[in-house]
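Student: Handing you this structure, nothing more for now.
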Amino acid sequence: MSESLVREYFELHGFLLRQQRKHIPRTAEEDEEIDFFVFNPQAEQRPGSLPFQLEPEDLKHVAHAIVAVKGWHTDVFGAAMLSRETEVFKFADVQLLKSATQFFGNPAIAPLRLLVISGLPRTPALRDQSVALLRQKGVDGVISFRTVLTALIATVEVNRNYQKSDVLQLIRILKNYECFKEPQLELFRARRKK
């Protein structure tokens, strides 16, 4: 399900995707740690570098990337967890990057290495530690599942049929029955007294 959500998110933003076939036994030559190769045929140049945590408006500046999806929805990707879970970084391996660069056909430009995760720590110090560790291991950027879901929910229209996408059709049905709350401004939310 996590990969289906990410696929819809990238397709929503005009990307072409290639995914490894899950039902065929993998050979040693295949890039089994990469979930998607994504290509944006209408990518725009950006002055300066991209932010580490990518939002939907940043995707128009991504030409091509390799994407790993870690659907660990109950975990925060803090430095302590990232130090223990080394398989998170396997997709950013130098050899995989070389084969991905060959896949995209332009050895002069290496693809970005993007990680789709549940989220980074909220406190600035812990967040900075996680970002530093991710960068050190070769990750160029992250996309949170909250960003993916928010974009998909905002895009789906209740009066449109999405029969070619089970994910979008399910979101449409949930929106039709008002199972999603509208985003609210929490500026004046009253605090509970203890």
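The numbers here are math on the coordinates, done by the rules we state, and not lab data. The structure presented is a predicted model; accordingly, all values stated were derived computationally and were not measured. All Cβ positions, glycine included, derive from the backbone under ideal geometry; neighbour counts span all protein chains shown.
Student: Using each residue's phi in the stretch 90-100, evaluate 6.51 cos²θ - 1.76 cosθ + 1.60 at θ = phi - 60° and report the 3J(HN,Hα) Karplus result to the nearest Hz, with x for Gly and Pro.
Tutor: Those phi angles translate into 4, 5, 8, 4, 4, 5, 5, 5, 4, 5, 5 Hz.
Student: If you only keep lysine pairs separated by 8 or more in sequence, or across chains, how many in the chain come under 23 Å at the Cα atoms?
Tutor: Taking the chain as the scope, the lysine pair count is 12.
Student: Convert each backbone phi in the stretch 34-49 into a coupling constant with the Karplus relation 6.51 cos²θ - 1.76 cosθ + 1.60 (shift: θ = phi - 60°), then list the ³J(HN,Hα) values in order as whole Hz, x for Gly and Pro.
Tutor: 8, 7, 9, 9, 10, 9, 10, x, 10, 5, 10, 5, 10, x, x, 9
Student: For the chain, compute Rh as the Kirkwood radius over C-alpha pairs and then the Stokes-Einstein diffusion coefficient at 20 °C and 1.002 mPa s; write the answer in µm²/s, rounded to an integer. Walk me through the intermediate numbers first.
Tutor: Working: Rh = 18.4 Å.
Using the Kirkwood radius from Cα pairs, D works out to 117 µm²/s.
Student: Okay, next question. So who's got an amide H within less than 5 Å of the one on H64, skipping anything under 5 residues away but keeping other chains? H placed 1.01 Å off N, in plane.
Tutor: N40, L112
Student: State the extension gain, in nm to one decimal, for the chain segment bounded by Q169 and R18, taking 0.36 nm per residue of separation less the distance between their alpha-carbons. List each step's numbers first, then the result.
Tutor: Numbers: separation 151, 0.36 × 151 = 54.36 nm, distance 2.22 nm.
Contour length minus the Cα-Cα distance gives 52.1 nm.
Student: If you place +1 on the Cβ of every Lys and Arg and -1 on the Cβ of every Asp and Glu, how big does the dipole about the Cα centre of the chain come out, in debye to the nearest 20? Intermediate values should be presented prior to the final figure.
Tutor: Numbers: 27 positive and 24 negative charges, 170 e Å.
Roughly 820 debye for the chain.
Student: Then there's this: How do the peptides 62-74, 34-46, 167-179 rank, highest first, by the average count of neighbouring beta carbon atoms within 10 Å per residue?
Tutor: Values: 62-74: 19.1, 34-46: 16.5, 167-179: 14.3.
Averaged packing, sorted descending, gives the order 62-74, 34-46, 167-179.
Student: Could you run the Karplus curve 6.51 cos²θ - 1.76 cosθ + 1.60 with θ = phi - 60° over the stretch 122-139 and give me ³J(HN,Hα) per residue in whole Hz, x for Gly and Pro?
Tutor: 7, 6, x, 5, 5, 4, 4, 5, 5, 4, 4, 5, 4, 5, 4, 8, x, 7
Student: Also, quick follow-up: With unit charges on the beta carbons (Lys and Arg positive, Asp and Glu negative) and the dipole taken about the Cα centre of the chain, which residue among G105, G48, V131 sits farthest to the positive side?
Tutor: Among G105, G48, V131, the one farthest towards the positive end of the dipole of the chain is V131.
Student: Evaluate Rg over Rh across the stretch 126-178, taking Cα atoms for both radii and Kirkwood's formula for Rh. It would help to have the intermediate numbers written out before the result.
Tutor: Working: Rg = 16.6 Å, Rh = 13.3 Å.
With Rh from the inverse mean 1/r over Cα pairs, Rg/Rh is 1.25.
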